[in-house]
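The block underneath contains the structure these notes are about, expressed in structure tokens.
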């Protein structure tokens, strides 16, 4: 699925990722935990293709294809998706227009025909109902006036429609109450399967109670320093990150 080897990344001249190596298998849910400043969000942005992050060395391969020279749109068409920690508002852009444009752009990039409007509407309404997204929300500009929980549910709706091969959930639990977290997690779990993988970035065990991981990695100082099963997350919840926090990246 995705293989990251010896990745070194700098932002504004400061080294953030320092030889990070990570592999997420087909159908696997991998969690990354670690102290503030360890480079977790930087990793998500680099994989997604954010332009102002300088890759100094290393490679990122999705299904065997090196994606570092590809644009964010090309990576998305290959099946990459990022759930942002703080989703942006896009005033003046209707949510339904945005969703249809995103879906059809990816279909076109893969050589598929555009989805007919009736079928598109059917898919959106079915997915929205599962996420408690009202028709009123769908009529608004993208994320404008939404609560934190509503923004996250809208991100999961996008993921449900695009059906990506590899999704990164960057601190998806930030700002969510327990009901919104449960709804979003159910949306993620509904997509789990042999053809899709997830990288869940979080500080807390709470999210992993709802999205159980297959493997847990600890990240510190810009690299993976420890890996284990789900029990590792429980140990971190009990003992904290003190032994990993010294010299964290950013």
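Every number here is computed from the coordinates shown, using simple stated rules; none is lab data. Since this is a predicted model, take the numbers as computed values, not measurements. Don't worry about glycine lacking a Cβ; one is built from the backbone with ideal geometry, like all the others, and counts go over all protein chains shown.
Please compute the contact order of segment 1-108 in relative form: average sequence separation of alpha-carbon pairs under 8 Å and at least six residues apart, divided by the residue count, as a percent.
Numbers: 126 pairs, mean separation 30.2, N = 108.
Computed over segment 1-108, the figure is 28 percent.
Mind checking the angle between helix 95-109 and the chain's longest principal axis? C-alpha axes, 0 to 90 degrees, to the nearest 10.
The angle comes out at about 70 degrees.
Is segment 4-47 best put as rounded, prolate or oblate by its Cα gyration tensor, with a ≥ b ≥ c the root eigenvalues, rounded for a/c under 1.5, and otherwise prolate when a/b is larger than b/c, oblate when not? It would help to have the intermediate numbers written out before the result.
On the way: a/c = 2.39, a/b = 1.64, b/c = 1.46.
Note, shape of segment 4-47 comes out prolate.
Order of 110-118, 11-19 by packing, highest average Cβ count within 10 Å first?
Numbers: 110-118: 10.0, 11-19: 15.9.
Highest to lowest by the protection proxy: 11-19, 110-118.
So what is the relative contact order of segment 2-245, in percent, for Cα pairs below 8 Å that sit 6 or more residues apart? If you can, show how the numbers build up before the last one.
Details: 433 pairs, mean separation 75.1, N = 244.
Relative contact order comes out at 31 percent.
Once you order the gyration tensor axes a ≥ b ≥ c over the Cα atoms, which shape class does segment 41-138 get: rounded for a/c under 1.5, otherwise prolate or oblate by comparing a/b with b/c? Could you put the intermediate results ahead of the total?
Numbers: a/c = 2.49, a/b = 1.65, b/c = 1.51.
Prolate is the answer for segment 41-138, as a/c is 1.5 or above and a/b outweighs b/c.
Pairing the Cα long axis of helix 117-130 with the longest principal axis of the chain, what angle in degrees results, from 0 to 90 and rounded to the nearest 10?
50 degrees
How do 172, 121, 78 line up, fewest other C-beta atoms within 10 Å first? Please list the in-between numbers first.
Numbers: 172 25, 121 14, 78 18.
Fewest-to-most Cβ neighbours within 10 Å comes out as 121, 78, 172.
Please list 24-37, 82-95 highest first by mean number of surrounding beta-carbon atoms within 10 Å per residue.
The densest-packed peptide leads the list: 24-37, 82-95.
Give me the percent of DSSP beta bridges within the chain that run antiparallel, rounded to the nearest 5. Before the final figure, lay out the partial values.
Details: 25 of 42 bridges.
Taking every DSSP beta bridge within the chain, about 60 percent pair in antiparallel fashion.
Given axes a ≥ b ≥ c from the Cα gyration tensor, I'd like to know whether segment 188-247 is rounded (a/c under 1.5), prolate (a/b larger than b/c) or oblate. Before the final figure, lay out the partial values.
Working: a/c = 2.48, a/b = 1.76, b/c = 1.41.
It is prolate, given that a/c is not under 1.5 and a/b is the larger ratio.
Helix 178-189 against the longest principal axis of the chain: what's the angle in degrees, Cα atoms only, rounded to the nearest 10?
Relative to the chain, helix 178-189 is tipped by roughly 90 degrees.
Which value in deg cm²/dmol, rounded to the nearest 500, describes the helix-derived mean residue ellipticity at 222 nm for the chain, given -39,500 (n - 2.57) per DSSP H run of n ≥ 4 and division by the residue count? Don't jump to the answer; show the numbers that get you there.
Working: 10 runs with 96 residues, N = 250.
The helix-only estimate for the chain comes to -11000 deg cm²/dmol at 222 nm.
Scale the Cα Rg of segment 107-208 by the rule-of-thumb value 2.2 N^0.38 Å and send over the ratio, two decimals.
Numbers: Rg = 14.3 Å, N = 102, 2.2 N^0.38 = 12.8 Å.
Expressed relative to 2.2 N^0.38 Å, the Cα Rg reads 1.12.
Please give, to one decimal in nm, the separation of the simple spin-label points placed at residue 108 and residue 71, each 7 Å out from Cα toward the Cβ.
Placing both labels 7 Å along Cα→Cβ, they lie 1.1 nm apart.
For residue 238 and residue 25 in one chain, what is 0.36 nm times their gap in residues minus the Cα-Cα distance, to one decimal in nm? Numbers along the way, then the final one.
Working: separation 213, 0.36 × 213 = 76.68 nm, distance 2.79 nm.
Separation in residues times 0.36 nm, less the Cα-Cα distance, equals 73.9 nm.
Can you order the peptides 173-183, 209-219 by their average number of other Cβ atoms within 10 Å per residue, highest first? Before the final figure, lay out the partial values.
Numbers: 173-183: 16.1, 209-219: 19.5.
Highest mean packing first, the order is 209-219, 173-183.
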